[in-house]
Amino acid sequence: MSIEFQKLIKKLQSDPITIGNFLADPEEFLKSTKLTNQEKKTLLARDVEALNDLGLTTSQVIGALSGAHSQQCSTNYPTRG
């Protein structure tokens, strides 16, 4: 697993802008990355087993592909009251 892949997975779990850009057009988004072709192909396929084989845990895969993000991100948005 490349360092770039590790960085992207972390951002897909925590950065709302990265999450939005990825979910809006995954293929176009991945063109701008320095991931290997295998890493891009595996992310686009949303293949949990293949992503596990690349070294991600199932929790990381689900977090990265679901658009969910951590509580840390929620502080970036004003609360409604």
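Just so it is clear, none of the values below were taken in a lab; they were calculated from the coordinates. These figures come from a predicted structure and were not determined experimentally. Ideal geometry is used to build each Cβ from the backbone, glycine not excepted, and the neighbour counts take in all protein chains shown.
How large is ³J(HN,Hα), in whole Hz, for each residue of the stretch 38-55 in order, when computed from phi with the Karplus curve 6.51 cos²θ - 1.76 cosθ + 1.60 and θ = phi - 60°, using x for Gly and Pro?
5, 5, 4, 4, 5, 5, 5, 6, 6, 8, 4, 4, 5, 5, 4, 5, 6, x
Which net charge results for the neighbourhood of Leu35, defined as the other residues with beta-carbon distances under 13 angstrom from its beta-carbon, given Lys and Arg at +1 and Asp and Glu at -1?
So the surrounding residues net to +3.
Would you list which aspartates and glutamates come within 13 Å of Lys7, measuring only between C-alpha atoms, while excluding same-chain residues fewer than 8 positions from it?
Asp15, Glu39
Hey, what did the stretch 1-59 get for relative contact order, percent, Cα under 8 Å, at least 6 apart?
Across the stretch 1-59, relative contact order equals 32 percent.
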